[in-house]
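The values are calculated or read from the model by the stated rules, or taken from the named source; none is laboratory data. The structure presented is a predicted model; accordingly, all values stated were derived computationally and were not measured. Positions of Cβ are generated from backbone atoms using ideal geometry, with glycine treated the same way; all protein chains shown enter the neighbour counts.
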Amino acid sequence: MAVVALFGYLNHRLIRLPDTIGITLIGLIVSIGLALLGSLEPTITRRATLIISRIDFPEVVFHGMLGLLLFAGSLHVNIADLAKDKWLILVLSTVGVVISTAIVGTGFYYGAKFFSFALPFAYCLVFGALISPTDPIAVLGVLRRIGVSKSFETQLVAESLFNDGTGVVVFLTILGITTGIHDFSVRNVILLLATEAIGGVAVGLALGAVGFLLLRGVDSYPVEILITLAMPTGGYGLAETLHTSAPIAVVVMGLVVGNQGKKFAMSEQTQQHLFAFWDLIDQILNLMLFGLIGLEVMTLSVSVKHLSAGLLAIPVVLLARYISIGLPILVMRRAREFNPHVVKILTWGGLRGAISVALALSLPPFPGRDSVLAASYIVVIFSILVQALTVGPLIEALGRRSQMH
């Protein structure tokens, strides 16, 4: 916390980038600087690496911050707005993730062979699964500072909230088949996916209803805030125990509390305190997480081969995102109208973040693991430092072009 607070101060005083982007950049600069110092004084790099390696990044993300951040993000999603784009969001967060996983996995496999660092095809698909879902944490951080229409905001936020859950399910399914934990058959895969996803929705609705009744039964905002803290923490753990998708369950809980709970179970005073509390939690954990992403580079082993893997992955991931968005929208254009630039905006605005890094770090040892880890990290850094900084100007430029025509 102390280090990330210092990064935030330095960014505000010197660089003046948006907080999450600036903190990530400073963390990255510090990591590279310490690595360079290591060539003069190896003790410095060893000590810094030891400190960072003590932080179990996947554990911090999946069993520390993710439930709280997903709950905070979904609190502000209006179900009425969500219903207008429900089919688009459903298709993009399910079929879109599967299409992207297949394209990234295949493209990365053949690209790696072309650059002479062959990787097992199964683990290329695993890479496709972990890098395909967009990160709601990164997306929400960007949308706070750029002006987009309500429709685009709902599409970007809701898709990222839900495809995060389905992406983790797809990742665990492919990894389980690859490592032999799950038997491969179309029936088993569909059953596993359905159990995780549909089970996550069911658990989220059930716990959301319980939370709603508890909130309606008291009028004390500290107690009501504690109830909402229990939902994404205890509820996340319960969903995992039941072998359903905990991220999807938490998102559904947040939607229930942020819509029905806000209307029928909270006083005005509670609403004011509760939503201010969750806004603060959201922003603080966001800054912590992006600071950790910048520092985590110290734990990576980097070589020319690893950098090549990352540079190869960037265009492959962007192309897969474009196709996985474009194909469903092309089909759905027959039934409804879309903004002419929707595919470009959703492609460039689909940011990757901490979830992809955490999934990559959780991979078991296999030939080429360092290349997959480096590729994941480089795609995430590109997403945060390039896409996040330019998606606002892109939307403005496309808006002006639409007006000209």
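Scanning segment 284-323 for residues that are free of Cβ contacts under 8 Å to residues at least 12 places away in the same chain and either within 19 Å of Pro133 (Cβ to Cβ) or buried (at least 17 other Cβ atoms within 10 Å of the Cβ) (or both) turns up just one, Pro315.
Can Gly258 be described as in contact with a Gly (Cβ under 8 Å, 6 or more places away or on another chain) and either in a helix (DSSP H, G or I) or under 28 Å from Ala358 (Cα atoms) (or both)? Here the answer is no, as Gly258 does not meet what is asked. Val257 fulfils the conditions (1) farther than 30 Å from Gly64 by Cα; (2) surrounded by 24 or more Cβ atoms within 10 Å (Cβ to Cβ); (3) more than 21 Å from the chain's Cα centre (by Cα) except for a single criterion, (1).
Note on segment 14-48: residues that are at pLDDT below 85, under 15 Å from Leu300 (Cα atoms) and hydroxyl-bearing (Ser, Thr, Tyr) amount to 1.
Looking across segment 257-276, the residues that are touching a Ser or Thr at 6+ places or on another chain (Cβ under 9 Å) and among the aliphatic types (A, V, I, L, M) come down to Val257, Leu274.
Somewhere in segment 263-274, is a residue hydroxyl-bearing (Ser, Thr, Tyr), more than 30 Å from Met231 (Cα to Cα) and either part of a loop (DSSP other than H, G, I, E, B) or at pLDDT below 85 (or both)? Looking for residues that are hydroxyl-bearing (Ser, Thr, Tyr), more than 30 Å from Met231 (Cα to Cα) and either part of a loop (DSSP other than H, G, I, E, B) or at pLDDT below 85 (or both), one finds none in segment 263-274, hence no.
Counting only helices (runs of 4 or more DSSP H) that fall entirely inside segment 17-100 and contain at least 2 residues that are among the basic types (Lys, Arg) and without any contact (Cβ under 8 Å) to a residue 24 or more places away in the chain, the qualifying elements are 42-53.
When segment 68-108 is filtered for residues that are surrounded by 18 or more Cβ atoms within 10 Å (Cβ to Cβ) and among the hydroxyl-bearing types (Ser, Thr, Tyr), the ones remaining, listed by number, are Ser74, Ser93, Thr94, Ser100, Thr101.
Quick grid of which residues meet (1) farther than 20 Å from Asp282 by Cβ; (2) in a helix (DSSP H, G or I); (3) modelled with pLDDT of 90 or more:
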residue: Asp164; (1), (2), (3): no, yes, no
residue: Phe184; (1), (2), (3): yes, no, no
residue: Ala194; (1), (2), (3): yes, yes, no
residue: Val203; (1), (2), (3): yes, yes, yes
residue: Glu224; (1), (2), (3): no, yes, yes
residue: Ile227; (1), (2), (3): no, yes, yes
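For the subset of segment 229-254 comprising residues that are in a helix (DSSP H, G or I) and under 22 Å from Ala83 (Cβ atoms), which member is nearest to the chain's Cα centre (by Cα)? Here the residue is Pro247.
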